[in-house]
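One structure is given below, encoded as structure tokens.
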Amino acid sequence: MIESKPWDWSKNESSSWLVPSIEACYLSEAWKSKGFNKFLDLGCGLGRHSIYLAKNGFEVNAVDLSDYGVNHLKKWAEEEQLNIDAQVCDMLNLPFEDNTFDCIIAYNVIYHTDTEGFIKALNEIKRVLKDSGELFITLISKNTWSYQSADKYKRVDDNTILRDEHETEKDVPHFYVDIEDIRRYFIDFDFVKIPVEETEYNMDDTKYFSKHFKLIASKK
């Protein structure tokens, strides 16, 4: 299994990572309507989802492999006078008891490993998520240009390559899936929202596109 490697958030130049994803508003309202309260931001980055859900009344725990990201979130939470438990840890070994969380967001996180690591990280999610708890997760598709052009990169296994086109994620592994992979790996979940493959383009050069699956799954 490849060693986990954090994003280098000190090299980030985009303010988009400070703005909650478009799904965060829906998830907050949907989860509150179900009585969910205890939330884990898995791979919190700079903390955008932790801050948003804490402001909406959730009890928030946040973890990330990046010291820079976790320290940024702690400072942000202090400025906002929000009580968020943020700590550095590897997604392969989460420091929480079984069946702790009602809901989890893993946004562009769990695929930063190889196949063995992905399976281990997903098992950790299942372990700390309560029965009938929900997971919102994004997964990178094999239809993405980088996977289709994998001969340009170092291949780790059939699903994983090391990418280096941006300094924030230099040599960070990327694990890619198709719909059959999702069916196989998420056998212990029910789909609340069927996986949808969305495309994002670099508008300066549309050949450099990415495709991600977004799904909401409930632990059986």
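The values are calculated or read from the model by the stated rules, or taken from the named source; none is laboratory data. Small disclaimer: the values here were computed from a predicted structure and weren't measured. Neighbour counts are summed over all protein chains in view; Cβ atoms, including those assigned to glycine, are modelled from backbone coordinates with ideal geometry.
Just a few scattered comments:
- Given (1) modelled with pLDDT of 95 or more; (2) part of a strand (DSSP E or B); (3) buried (at least 18 other Cβ atoms within 10 Å of the Cβ), number of the condition P173 does not satisfy: (1)
- Test: S149 is more than 19 Å from the chain's Cα centre (by Cα), farther than 19 Å from N108 by Cα and touching a residue at least 60 places away in the same chain (Cβ under 8 Å): no
- Of all residues in the stretch 45-77, those being in a helix (DSSP H, G or I) and farther than 13 Å from W7 by Cβ number 14.
- Sole exception among (1) outside any loop (DSSP other than H, G, I, E, B); (2) at pLDDT below 95; (3) buried (at least 20 other Cβ atoms within 10 Å of the Cβ) for S16, by number: (3)
- Which listed residue, of A106, A77, is more than 18 Å from the chain's Cα centre (by Cα), of a type in the set (A, V, I, L, M) and closer than 26 Å to E169 by Cβ: A77
- Test: residue in the stretch 47-61 that is crowded, with 20+ Cβ neighbours inside 10 Å, modelled with pLDDT of 95 or more and farther than 18 Å from E78 by Cα: no
- Exactly one residue among I22, I2, I104 is aliphatic (A, V, I, L, M) and buried (at least 21 other Cβ atoms within 10 Å of the Cβ), and that residue is I104.
- Figure legend. Inter-residue proximity from the stretch 19-37: first residues touching a residue at least 60 places away in the same chain (Cβ under 8 Å), second residues loosely packed, with under 14 Cβ neighbours inside 10 Å, beta-carbon distance below 8 Å, spacing 6+ or different chains. Indicated pairs: N37/G57.
- Every listed requirement among (1) within 21 Å of S28 (Cβ to Cβ); (2) surrounded by fewer than 14 Cβ atoms within 10 Å (Cβ to Cβ) is met by D164 save one, (1).
- Residue, nearest to T138 (Cα to Cα), within the stretch 189-215, restricted to residues that are assigned to a strand (DSSP E or B), at pLDDT below 85 and out of contact with any Asp or Glu (no Cβ under 7 Å at 6 or more places or on another chain): E200
- From the options N83, N99, N93, residue that is over 14 Å from the mean Cα position of the chain (by Cα), at positive phi and free of Cβ contacts under 8 Å to residues at least 60 places away in the same chain: N99
- Hits in the stretch 108-146 (condition: among the aromatic types (F, W, Y) and more than 20 Å from S4 (Cα to Cα)): F136, W145
- Filter pass, K220 being under 30 Å from K32 (Cα atoms), at pLDDT 90 or above and not aliphatic (A, V, I, L, M): yes
- Test: residue in the stretch 88-109 that is touching a helix residue (DSSP H, G or I) at 6+ places or on another chain (Cβ under 8 Å), hydroxyl-bearing (S, T, Y) and within 19 Å of V192 (Cβ to Cβ): yes
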